[in-house]
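The values are calculated or read from the model by the stated rules, or taken from the named source; none is laboratory data. Owing to the predicted nature of the structure, the values given are computational and were not obtained by experimental measurement. Cβ placement follows ideal geometry from the backbone for every residue including glycine, while neighbour counts extend to all protein chains displayed. Only protein heavy atoms, including side chains, enter the accessible area calculation; ligands, DNA and RNA are left aside. Shrake-Rupley method; radii C 1.70, N 1.55, O 1.52, S 1.80 Å.
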Amino acid sequence: MPKETKTRKVAKKETGGKRKKDPNAPKRGLSAYMFFANEQRDKVREDNPGIKFGEVGKLLGEKWKSLNEKQKTPYEAKAAADKKRYEEEKAAYTAGGDDDEEEED
DNA sequence: GAAGTGATTGTTACT
DNA sequence: AGTAACAATCACTTC
C-alpha cells in the first residue's frame, strides 16, 4: 500500500470520489493532536533544541500516545470545542444563504 | 441503519 | 507556498 504522502489530498480519487469541494468549505475543526502539538511543540523543542520537524513529529506522536486518556482529555476537549466551531460553519453553510447567495460561479 | 470515504487541522524546517 | 511524518476526526456520502 502506498504511503499516502503529500497530505493525501493528492491521492483523492477512485472509490467513487463524489465528495467535491464546497463553495463555503466549512472546514472541520482541529483535532486533539493539534492542540496537543501546540503545547508540546514548545516542550519538545525545549528538550530537543535544534531538532528538526521530523524528530519533533515522531517524538510528539510517541508522547501523544504515551498520554493517558486523562491527559488527552484536555486536548480532546479542545478538539470537541473546535468541532463545535465547525458545526457553526457547517450550519451556516447548510443554510445555503438567507437572501442573497454568493459564490455561484 | 450501517459502512466508508474523503477532506481537514496544526507543528516545525527546508527548498 | 508547499511538502513532509505524526495523529485524530468525524461530517458528509453512499448503499
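For A:Leu30, are the conditions met, namely being surrounded by 14 or more Cβ atoms within 10 Å (Cβ to Cβ) and within 25 Å of A:Lys90 (Cα to Cα)? In short, yes.
Looking at A:Val56, A:Val10, A:Val44, just one residue is at pLDDT below 65 and either more than 9 Å from DNA strand B (Cβ to nearest atom) or not small (Gly, Ala, Ser) (or both), and that residue is A:Val10. Among the residues of the range A:41-98, just one is open to solvent by 100 Å² or more (accessible area, probe 1.4 Å), touching a residue at least 12 places away in the same chain (Cβ under 8 Å) and farther than 25 Å from A:Ala25 by Cβ, namely A:Arg41.
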